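Asks: Below is the structure I would like to discuss, written out as structure tokens.
The values are calculated or read from the model by the stated rules, or taken from the named source; none is laboratory data. None of these values were measured; they are calculated from a predicted model. Note that we place each Cβ from the backbone using ideal geometry, even for glycine, and neighbour counts take in every protein chain shown. All accessible areas refer to the heavy atoms of the entire protein, side chains included, with ligands and DNA or RNA removed. Shrake-Rupley method; radii C 1.70, N 1.55, O 1.52, S 1.80 Å.
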Amino acid sequence: MSAPDPTTAHNSAYDPSSEVVDICRDLIRIDTSNYGDDDGPGERKAAEHVAALLDEVGISSNLYESEPGRTSLIARWGDGPGEPLLLHGHLDVVPAAAEDWQFDPFAAEVHDGYVWGRGAVDMKDFDAMALSVVRARARAGALPPRPVVLCFTADEEAGGHKGAEYLIDNHADEIADCTEAVGEVGGFTTTVRGKRIYLIEAAEKGMAWMKLTARGSAGHGSMINHDNAVTELAGAVARIGSHKWPVRLTPAMEVLLASVADIAGTEATPENAEALVSEFESSARMLGAVIRNTANPTMLNAGYKVNVIPTEASAHVDGRFLPGFEDEFFATLAELCGEHVTWEFVSKQQPWDSPYDGRIVDAMTQSILAEDPDGIVAPYLMSGGTDAKHFRKLGMTSYGFAPLRLPQELDFGALFHGVDERVPVDALEFGARVFDRFLDLA
């Protein structure tokens, strides 16, 4: 079958979006909550469901477990020339407290044009897009021009150590021939002065999850104690939490802010970067975090009785550092901690950035503009972490591309790990159509 014309609407024997909503809802209904420890149901049931969906259209897959129930899947599809493209998505989700939600977070109900549920945007929406497109094309015999490796992982929400990292360490031969990887958190819209901008993830901050520890002398709470671990730790946590990190522009953000500056009729500079970020309105909080390093205290632990000064106090900090600014980040952190507070890493992963040019970038751009000719496509740097950090260890060039055309009023960034997570039905269908074209061009 010849490739469809990417500049026109589809007139083909298959509809790539025909079952994307149903697949997304079915995946959400499979609770794969990841608590970051040994609790939780694991991903086995979801992986088996994905394997069955692929098997129905003649695509075989292999399941790999790092621990009982912590299951990832790899499948190969197509036999065209060239090096394979890796499409990766994770199956786990962060926990959800049902009492805080308008609708049961694992019921996948449809209300007001949205699919509601934990994982609707992070990231069972992309899993569903990929599966819907692959299944429709496989039924129609519309193989992609280059081979595709499908990888659905466990444990991404806890750093990927039991999922993508396990695959890299133990089954690298299954994916090592892939030269490019496409995963989550890119291709969605934000709006600036009425213009839709599709953000392609071309870079990612490094991750430093750290445990800070202060040690001192135990004693009675009624007495003077100048070697108080709680005091030392509290001071360090306060300094870290209130520190204002300087603006640092990376290549991806320079391109994005230049696009915004064109719309605003100005030029992009480090001095006006924050003003340009504010143009993104609902996305400004997310994008404001990628023009600087960040470090947020998240957990505290000290003591066991009100009148006992403990010997030890600890805190956890979620640190994220920009590509090229790791040394500055850790030097500043050491200064903020002071000499009496030490740290160890709970998880440390390197930042990455990919060149924003070449065939795959052109494919993402053209596939979006074929569906939305008025859109603007630009790269951005993502503040969180994805499995791309692990797959890049094998030399893959990585991008985030899960295309969604979103309502202007929707605060998309707040839905990640948030209450009432939801994705528009028409955005899912849009994403499947875009992703179908992308496979013909990539």
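Asks: Ignoring ligands, DNA and RNA, please state the percent of accessible area on segment 241-293 from carbon and sulfur, probe 1.4 Å.
Replies: Details: 1260 of 2460 Å².
The C+S portion of the solvent-accessible surface of segment 241-293 is 51 percent.
Asks: Could I have the simple spin-label model distance between residue 98 and residue 263, label points 7 Å from Cα toward Cβ, reported in nm to one decimal?
Replies: So the label points at residue 98 and residue 263 sit 4.0 nm apart.
Asks: Follow-up. In the chain, what % of DSSP beta bridges are antiparallel (nearest 5)?
Replies: Details: 52 of 74 bridges.
The antiparallel fraction comes to roughly 70 percent.
Asks: For the chain, what is the accessible area per residue in Å², given a 1.4 Å probe and the full set of protein chains? Walk me through the numbers on the way to the answer.
Replies: On the way: 17850 Å² over 442 residues.
For the chain, the per-residue accessible area is 40 Å².
Asks: Given the peptides 145-156, 69-80, arrange them by the average over their residues of other C-beta atoms within 10 Å, most packed first.
Replies: On the way: 145-156: 24.0, 69-80: 19.8.
The peptides rank, most packed first, as 145-156, 69-80.
Asks: How far, in nm, would the chain grow between residue 357 and residue 38 when pulled straight, counting 0.36 nm per residue and subtracting the alpha carbon separation? Don't skip to the end; give the middle numbers.
Replies: Values: separation 319, 0.36 × 319 = 114.84 nm, distance 4.15 nm.
That pair, residue 357 and residue 38, stretches by 110.7 nm at full extension.
Asks: How many angstrom separate the Cα center of segment 290-342 from the Cα center of segment 91-137?
Replies: 34 Å
Asks: May I pose another question? Just the ratio, please: alpha-carbon radius of gyration of the chain over 2.2 N^0.38 Å, N its number of residues. Provide the component values of the computation, followed by the final result.
Replies: Values: Rg = 22.9 Å, N = 442, 2.2 N^0.38 = 22.3 Å.
That works out to 1.03 for the chain.
Asks: Over segment 358-429, with every protein chain in place, what whole percent of the accessible area is carbon and sulfur at 1.4 Å, could you tell me?
Replies: Answer for segment 358-429 is 44 percent, counting heavy atoms of protein chains only.
Asks: Quick one: with all protein chains in place, what share of the accessible area of segment 27-89 is carbon or sulfur, to the nearest percent (1.4 Å probe)?
Replies: Values: 1210 of 2840 Å².
Within segment 27-89, the accessible surface is 43 percent carbon and sulfur.
Asks: Next question. Mind ordering 235-248, 118-131, 377-390 by average Cβ neighbours within 10 Å, highest first?
Replies: On the way: 235-248: 15.6, 118-131: 28.2, 377-390: 24.2.
Most protected by this proxy first, the peptides run 118-131, 377-390, 235-248.
Asks: Just the projected area, averaged over all directions, of the convex hull on the alpha carbon atoms of segment 230-318: how many nm²?
Replies: Values: hull surface 29.2 nm².
Mean orientational projected area (segment 230-318, Cα hull): 7.3 nm².
Asks: Across 5 Å bins from the origin, how do the percents of Cα pairs in segment 34-94 run, short distances first?
Replies: Answer for segment 34-94: a P(r) of 4, 16, 24, 22, 15, 10, 6, 2, 1 percent.
Asks: How much length would be gained if the chain were fully extended between residue 345 and residue 408, taking 0.36 nm per residue of separation minus their Cα-Cα distance, in nm to one decimal?
Replies: 18.8 nm
Asks: Hey, another quick one. Of 348/393; 162/389; 205/389; 211/348; 195/389, which pairs sit farther than 21 Å apart, going by alpha carbon to alpha carbon? All intermediate terms of the calculation are to be shown ahead of the outcome.
Replies: Values: 348/393 14 Å; 162/389 14 Å; 205/389 10 Å; 211/348 11 Å; 195/389 31 Å.
Exceeds cut-off: 195/389.
Asks: Divide the volume of the convex hull of the Cα atoms of segment 1-158 by its number of residues and quote the answer in cubic angstrom per residue.
Replies: Values: hull volume 19.5 nm³, N = 158.
In segment 1-158, the Cα hull volume divided by residue count equals 124 Å³.
Asks: Now a separate question. So, by mean Cβ neighbours within 10 angstrom, what's the order for 170-179, 297-306 with the highest one leading? Before the final figure, lay out each step's value.
Replies: Details: 170-179: 14.3, 297-306: 12.2.
Answer by packing, highest mean first, reads 170-179, 297-306.
Asks: Would you work out which of 200, 213, 189 lies farthest towards the positive end of the dipole of the chain? Charges go on Cβ: Lys and Arg +1, Asp and Glu -1.
Replies: Result: 213, furthest along the dipole toward the positive end.
Asks: Per residue of the chain, what 222 nm ellipticity follows from adding -39500 (n - 2.57) for every DSSP H run with n ≥ 4, rounded to the nearest 500? Before the final figure, lay out the partial values.
Replies: On the way: 12 runs with 132 residues, N = 442.
Estimated from H runs of four or more residues: -9000 deg cm²/dmol.
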